[in-house]
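Accompanying notes for the structure given below.
The values are calculated or read from the model by the stated rules, or taken from the named source; none is laboratory data. Fair warning: this is a prediction, and the values are worked out from it, not measured in the lab. With ideal geometry, Cβ positions are generated from the backbone for all residues, glycine too; neighbour counts draw on all protein chains shown. In case anyone asks, the SASA skips ligands and DNA or RNA and just uses the protein heavy atoms, side chains included. Shrake-Rupley method; radii C 1.70, N 1.55, O 1.52, S 1.80 Å.
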Amino acid sequence: MNTNQKLACAISAILSGYSGVSHAAAAADTEAAGGIEEIVVTAQRRSESIQNVPITIQAITGEQLGQLNVTTFDDVLKYLPNVTVGSNGPGQGNIYMRGLSAGFAGNQSSAAVAPFPNVATYLDDQSMTFPARNADVYMADMERIEVLEGPQGTLFGGGAEAGAVRYITNKPKLNVTEGNAEASYGTTAHGDPNTAVTAVLNLPLIPDTLAVRAVIYNDRRGGYIDNVPSAFTRLPTDNGPATYHLAYPANAASANNYALAGRAQNPVTYQGVRASALWQINSDWNVLIQQSYQNMDAEGMGEQYPRGSNGQQLGAWQETSFSPAFDKDKYENTSWTVNGKISDLKLVYTGAYLDRTIDNAMDYTNYARSQGGFYYTCAGGGAPIGKGVGPLTCYSPVSSWEDKVHTTHQSHELRLSTPDDWRLRGLVGAFWEDFVIKDDMNFLYKSIPSCTPANLLLYQAGTQVCTGNVIPPPGYAAVDPTERNDNVAFGEDLDRGYHQTALFTSIDFDLIPKVLTLTGGTRYYHYTETFWGSQYSTSTGCAGVPNGQCVGSKLTAATHDATYSGFKSRGNLTWHVTPDAMVYYTFSQGFRPGAGNRKNSTEISVAVVETSPGVFVPAVGPQASPTLVKQYNKPYTYPPDTLVNNEIGWKTEWLDHRLQVNGSAYVMDWKNVQTLLYNPPISGNTTFGVQGPDYRIKGVELQLVARVTDGLTVQGSVSHNNASQTNSPCLKSSNAVPNNPTPIGSCITQVYSGALSENVPLLNPLGAVDSTPAFSPKIEYNLRARYDWQANDYKMFFSVGAQHIGDMQNEPSSFASGAGVLNPTTTWLRYDQPAYTTYDAAFGIAKDQWHVEAYGTNLGNSDASLFTTSGQFIEAQVPLRPRVLGIKVGFKF
């Protein structure tokens, strides 16, 4: 084939697009012929070429991760079509695939209230999944990263409802002494420099028997978001006083951030070490032990504000905050794997134990403009707290929250499989895990004085309001049983998680050997979900109560625990039309666990008035003495949701393995989607989850690699999704009590707003038919090219790439829009996140054991939003990292 023909094929392929298909460990004959290198993956719990796996899968090898300067998930995201993320910063987000998202809010209380993710994250065989806080594994010394799209419920369980991301590490090599060291330095536009050092060593200790491998890393990424000097002045337009029909007193306290303001205040540091040991007992048995430590320290606010806290216009990479913010996230993980043979059968046992702690704080001062912020900072006069005691006084608006989380995750899996060359082959397995989350979350927005002995005397004299510091009920604190400090207005101290046991199997039968294969599998699962602890707040009943005597409410296991069990299955028909062309049909099911709510006595009510004896009608407008009727009790728990995927696909290689074209088309039905609601004062002041609507997603994806010449490789991808809501459930009246104007089982259309003292319409919070889900761009694509050549003893390369993410929204399209809202009253506003394109480039040169590379990312310096939210009661955007220019030097031996 001549060069012009190769170029024509490549141009044709580029027009089709490609995904992040990678190249790993090539077969010697293919590499020698100048073809595309083969990738070996373990997506089906056995080693096989990626071209033989009948699902949509992407893989990027460790070598490619290094070439692309990828070390964190934010770095790799742009190379993964059909993958999006809702993120409040490093280690503070959820991964979504194929547009399967019901939205994402602020990270406050996420450990307590967020549903479990529907995309599983694994470090080798250890789950790193966490509600709204997937661990941001640093990708040093990786063999590859695998991205499995679509339900993986049979082989990977409940967390892999929409797919799975697997970080596969390099393992020790027997009889090979090798290592490498790499250092980099870079500049960040609008920010501070970046530095990173990584070192790897593989060392045999006993020939043919024992080897160890270790990697250590330290990566500091300079900040780029400025905290602009600002005042915070209470305004007549604030929602708080308007809600309570009051006006701020003339001496209402204001604040400024002058002591905290500064440039580039959001640096992130990753530090860690991972060590492993491989013991080859004999030719059939070996044992692998791995130990990982990682410490991520993210300082400052990772968000930019279009408008500051006083309504002033801000520029790109600017915000105004008034309290220190940080996210200190540490984990250590121990895992072990035993591989062996029993006769012809292969046995694998793997276990792991993860221990992770998080200490996260963020500014919350903008909450002071809301109804709740007014409630906890203004007292006396006509205010709810201390009404009639002294004049109305508004204390400091500066507030924050701090979330301290400790989680443990233990798992064990045993698999027994037949040889891969049997005509009838398969595996059976058993799985057990224990996932525990302990969360101590405190909102520090109470500035009303606490009830010290001196302040109690003032309260009793009727001159000043005080509120007693809260304490969890005895025996119902999972973390801290002590009295909370003067500023804690609300919080929870709870324990949640689940225990799971599962049995699974997958069987392959060659209807026609090496041509037509039928696959079937199923998984039986049994979940016991746990949820207990306490919730507390300084309510009106805490006014004039001595500190430590205002006791919170109990969240009991008797009401919050739940058990679910069932089967999830898969089936494939795979046809190898030729040795280089395969088509398949896949049916697969997935699910994710349910969860509990922080419910005690909260409910949705309506106000009624008696028009004649025994006749009640809904109250209209403010009423002097309405009767409140409970319409809806928030559920203690909500059940799992489920996903069914029907997919056809093809994987082909052409032109002596120089051209690879893969694609898939799918229809997915997502049923009873777990949905979180938060809309004070309409539906209460706490987030709660319910069983929500159904969605249907229709999509196509195309992936391509072209080896144009022996030196030039072009690859790209494109995906298109059309996602829409297919039904319109609602919150239904659930109380059989007198005077309820909404019949039991009917949709609630109006609710009582205590702050407004009237009934208000309730827009269906579960959406309308044809609504679009969150984080579901219709189109995504990427394209990159790399040219390698040699001059004398020097090996050189040049690469360029472009990535495009289409327009999407942070919440389902039925949620209230945040456009033009200056003072949000809810954390669930819907914002448009416009489409954006980024560009990268790199040039490298190597000789002997040394290599040097210069690179640039986000060359257009886009500040597009990865995630827009009203989570902190102000419009905030998590921006792309600005343009980075850097140089990297490495040495191998």
Exercise. Would you mind stating whether Val428 is within 20 Å of Thr154 (Cβ to Cβ), surrounded by fewer than 22 Cβ atoms within 10 Å (Cβ to Cβ), touching a residue at least 24 places away in the same chain (Cβ under 8 Å) and in contact with a strand residue (DSSP E or B) (Cβ under 9 Å, 6 or more places away or on another chain)?
Key: yes
Quiz item: Quick one: which of Leu392, Leu414 is at negative phi, in contact (Cβ under 8 Å) with a residue 24 or more places away in the chain and either surrounded by fewer than 17 Cβ atoms within 10 Å (Cβ to Cβ) or hydroxyl-bearing (Ser, Thr, Tyr) (or both)?
Solution: Leu414
Practice problem: Would you check if Ser283 is of a type in the set (S, T, N, Q), under 30 Å from Arg234 (Cα atoms) and part of a loop (DSSP other than H, G, I, E, B)? | Solution: no
Quiz item: Out of region 249-272, which residues are open to solvent by 20 Å² or more (accessible area, probe 1.4 Å), more than 30 Å from Glu332 (Cβ to Cβ) and assigned to a loop (DSSP other than H, G, I, E, B)?
Solution: Pro249, Ala250, Asn251, Ala252, Ala253, Ser254, Tyr258, Ala259, Leu260, Ala261, Arg263
Quiz prompt | Residue tally, condition open to solvent by 60 Å² or more (accessible area, probe 1.4 Å) and β-branched (Val, Ile, Thr), over region 502-530 | solution = 2
Exercise. Being at pLDDT below 90 and surrounded by 15 or more Cβ atoms within 10 Å (Cβ to Cβ) narrows it down to one of Asn858, Asn823, so name that one.
Key: Asn823
Practice problem: Please tell me if Gly533 is in a strand (DSSP E or B) and either within 18 Å of Tyr636 (Cβ to Cβ) or open to solvent by less than 30 Å² (accessible area, probe 1.4 Å) (or both). | Solution: yes
Exercise. Give the residue, chosen from Ala607, Ala557, that is of a type in the set (Gly, Ala, Ser), out of contact with any helix residue (DSSP H, G or I) (no Cβ under 8 Å at 6 or more places or on another chain) and in contact (Cβ under 8 Å) with a residue 60 or more places away in the chain.
Key: Ala607
Exercise. Would you mind telling me which numbered condition in (1) touching a Leu at 6+ places or on another chain (Cβ under 9 Å); (2) closer than 21 Å to Pro824 by Cα Pro249 fails?
Key: (2)
Quiz prompt | Given (1) open to solvent by less than 10 Å² (accessible area, probe 1.4 Å); (2) more than 30 Å from Leu494 (Cβ to Cβ), number of the condition Leu100 does not satisfy | solution = (2)
Exercise. Please find, among Asn672, Asn685, the residue that is farther than 16 Å from Asn82 by Cβ and out of contact with any strand residue (DSSP E or B) (no Cβ under 7 Å at 6 or more places or on another chain).
Key: Asn685
Self-check item: Matching residues in region 324-381 - criterion: being hydroxyl-bearing (Ser, Thr, Tyr), at negative phi and either in contact (Cβ under 8 Å) with a residue 60 or more places away in the chain or not in a strand (DSSP E or B) (or both)
Solution: Tyr331, Ser335, Thr337, Tyr349, Thr350, Tyr364, Thr365, Tyr367, Ser370, Tyr375, Tyr376, Thr377
Practice problem: Please give the number of the condition Leu704 fails out of (1) open to solvent by 50 Å² or more (accessible area, probe 1.4 Å); (2) under 23 Å from Tyr79 (Cβ atoms). | Solution: (1)
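Can you tell me which residue among Asn94, Asn134, Asn69, Asn107 is assigned to a loop (DSSP other than H, G, I, E, B), in contact (Cβ under 8 Å) with a residue 24 or more places away in the chain and buried (at least 24 other Cβ atoms within 10 Å of the Cβ)?
Asn107
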Quiz item: Does Tyr217 qualify as being modelled with pLDDT of 95 or more, part of a loop (DSSP other than H, G, I, E, B) and under 30 Å from Asp297 (Cα atoms)?
Solution: no
Quiz item: Which one of these does Thr467 not meet: (1) buried (at least 21 other Cβ atoms within 10 Å of the Cβ); (2) of a type in the set (Val, Ile, Thr); (3) touching a Phe, Trp or Tyr at 6+ places or on another chain (Cβ under 8 Å)?
Solution: (3)
Exercise. Go through (1) closer than 30 Å to Trp401 by Cα; (2) of a type outside the set (D, E, K, R); (3) surrounded by fewer than 16 Cβ atoms within 10 Å (Cβ to Cβ) one by one and return the number of the condition Pro306 breaks.
Key: (3)
Practice problem: Might you let me know whether region 575-586 holds any residue that is in a strand (DSSP E or B), surrounded by fewer than 17 Cβ atoms within 10 Å (Cβ to Cβ) and within 33 Å of the chain's Cα centre (by Cα)? | Solution: yes
Quiz item: Does Leu174 meet the test of being farther than 22 Å from Tyr331 by Cα, modelled with pLDDT under 90 and surrounded by fewer than 22 Cβ atoms within 10 Å (Cβ to Cβ)?
Solution: no
Practice problem: Give me a count of the residues in region 536-550 that are closer than 18 Å to Pro453 by Cα and part of a strand (DSSP E or B). | Solution: 2
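Table: residues versus (1) under 30 Å from Asn597 (Cα atoms); (2) surrounded by fewer than 21 Cβ atoms within 10 Å (Cβ to Cβ).
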| residue | (1), (2) |
| --- | --- |
| Tyr666 | no, no |
| Lys671 | yes, yes |
| Ile682 | yes, no |
| Thr687 | yes, no |
| Gln691 | yes, yes |
| Arg696 | yes, yes |
| Val700 | no, yes |
